[in-house]
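The values are calculated or read from the model by the stated rules, or taken from the named source; none is laboratory data. Everything numeric in this text was worked out from a predicted model, so none of it was measured. Methodologically, a virtual Cβ is constructed for each residue, glycine included, from the backbone with ideal geometry; neighbour enumeration extends over all protein chains shown.
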Amino acid sequence: MDIAIHWGVLRYLRKDIKANIWVPATAIILDLLVLGGFVSVKLHTDPFVIGVAVVTMIVTAVAEQIFLTRSGNARQSEHEGRMMTIISNRYFLTWRAGP
């Protein structure tokens, strides 16, 4: 989750909040190193847990897509001026106020 937030800061908010590029970039790299270490250790000790986690993430992503597709039209008319964007198939949601 932190990686997605840092990526959003880098891609969309960096100029607005005057963030140094190296701070979120360093945070992303450190998060990936720590996550990679945990996954590596868990993969060697208990690969079944990793398999269950991957399947759960896929099921959750598919369920989100179905929900967003079915409720998108109804919510668009209810919430004029708001839009939701899905960034690079990672299901990172950002809300922006419309005109």
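Tabulated results
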| quantity | calculated |
| --- | --- |
| The one condition in (1) in a helix (DSSP H, G or I); (2) touching a helix residue (DSSP H, G or I) at 6+ places or on another chain (Cβ under 9 Å); (3) modelled with pLDDT under 90 that Gln76 fails to fulfil | (2) |
| Residues of segment 17-72 satisfying the condition of being acidic (Asp, Glu) and over 16 Å from Asp2 (Cα atoms) | Asp46, Glu64 |
| Counted residues, segment 1-51 - those being outside any helix (DSSP H, G or I) and surrounded by 12 or more Cβ atoms within 10 Å (Cβ to Cβ) | 1 |
| Pairs with Cβ under 8 Å, 6+ apart, first in segment 1-25 and farther than 24 Å from Met57 by Cα and modelled with pLDDT of 85 or more, second of a type outside the set (A, V, I, L, M, F, W, C) and part of a helix (DSSP H, G or I) | Leu10/Pro24; Ile21/Arg14; Pro24/His6; Pro24/Arg14; Ala25/His6 |
